[in-house]
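What follows draws every value from the coordinates through simple rules; no lab data is involved. Please read these numbers as outputs of a predicted model, since none were measured by experiment. Note: ideal-geometry Cβ built from the backbone for every residue, glycine included; neighbour counts use all protein chains shown.
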Amino acid sequence: MSIKSTNISTIEHRVEKDARWRANGHRGGVLWFTGLSGAGKTTLALELEQALFVKGWQAYVLDGDNVRHGLSSDLAFSPADRTENIRRIGEVAGLFADAGFLVLTAFISPYRADRDMARNAATDAFHEVYIEADVETCEERDPKGLYVKARRGEIPEFTGISAPYEVPENPELVIDTAALDVPQSLAKLLGYVESNFAIDG
Ligand SMILES: Nc1ncnc2c1ncn2[C@@H]1O[C@H](COP(=O)(O)OP(=O)(O)OP(=O)(O)O)[C@@H](O)[C@H]1O
Ligand SMILES: [Mg+2]
């Protein structure tokens, strides 16, 4: 996105990125969970946050439902509003990552271009994690009763029913939650995080 303001400059931090990483024992970064409603993004992000916290890591979940109560409370679910929502979250996640956190984001984020925009905001610290489950599985789970409402036509532009979901083309990690249970999914995530973000202490 182009910058509207003029007369702005960039300040340099005095704390080096490496110093933050060494203090934390891990790199900062963004694990961007994407997938259909009910695929398991929130469930797994919260499990992973807790498991990492117990290990002494700085991890924090940004979740769709919470963000829409605050940061994006002025936005709805039109394509333009979804894009702006993801733009804001991508920027916030990038800032958290820069601060040394491992950010776990749990947003449907159905558009490839929006996810790429989030990737650009966090640059090489960004890892796309496709939380994969087919729409039939998600509809069967329907943890929030949203599919029932969407089928009744009570929720316009519902991803997977009346709005598109663009499957990730090159995600860094895929978690197939139709095949794996929660502990198996968590183990796979933890293994990935260990090998990509841990630094020797
Ligand atoms: N391997 C798995 N990983 C995660 N959740 C699973 C798995 N297997 C079954 N589930 C169940 O699937 C449901 C996933 O719901 P959850 O709220 O996490 O989805 P979500 O992707 O965050 O959806 P939304 O986009 O609507 O917020 C839960 O009821 C969870 O118990
Ligand atoms: Mg969720």
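Numbers for the structure displayed
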read-out: Cβ-based exposure ranking for 137, 34, in which fewest neighbours within 10 Å come first; value: 137, 34
read-out: Computed label-point distance, nm, for sites residue 174 and residue 12 using a 7 Å Cα→Cβ extension; value: 4.4
read-out: Angle in degrees between helix 112-122 and the longest Cα principal axis of the chain, rounded to the nearest 10; value: 20
read-out: Theoretical gain in end-to-end length, residue 73 to residue 46 [0.36 nm per residue, Cα-Cα removed]; value: 7.5 nm
read-out: Rg over Rh [alpha-carbon atoms, Kirkwood Rh] for the stretch 158-201; value: 1.13
read-out: Least to most buried among 192, 130 (fewest other Cβ within 10 Å first); value: 192, 130
read-out: Rg and Dmax [Cα atoms of the stretch 30-102; Å; Rg one decimal, Dmax integer]; value: 13.0, 40
read-out: Percent RCO, i.e. relative contact order, over the stretch 93-190, from Cα pairs under 8 Å lying at least 6 residues apart; value: 32
read-out: Inter-label distance for residue 95 and residue 148, nm, one decimal - labels placed 7 Å from Cα along Cα-to-Cβ; value: 3.9
read-out: Note, ³J(HN,Hα) from phi for the stretch 52-66, Karplus 6.51, -1.76, 1.60, rounded to Hz, x at Gly and Pro; value: 6, 4, 4, 7, x, 8, 8, 10, 8, 8, 9, 10, x, 4, 5
read-out: Whole-Hz ³J(HN,Hα) from phi, Karplus 6.51 cos²θ - 1.76 cosθ + 1.60, for the stretch 13-28, glycine and proline x; value: 6, 8, 8, 5, 4, 4, 5, 5, 4, 4, 4, 8, x, 7, 6, x
read-out: Relative contact order (%) - criterion: Cα under 8 Å, at least six apart; region: the chain; value: 31
read-out: CD proxy at 222 nm, helix term only [per DSSP H run n ≥ 4: -39500 (n - 2.57); per residue of the chain; nearest 500]; value: -13000 deg cm²/dmol
read-out: Mean Cβ neighbour count within 10 Å, used as a protection proxy, ranking 113-125, 70-82, 176-188 highest first; value: 113-125, 176-188, 70-82
read-out: Rg/Rg_ref, the stretch 1-125, where Rg_ref = 2.2 N^0.38 Å and atoms are Cα; value: 1.11
read-out: Sequence ranges 4-11, 92-99, ranked by mean other-Cβ count within 10 angstrom, highest first; value: 92-99, 4-11
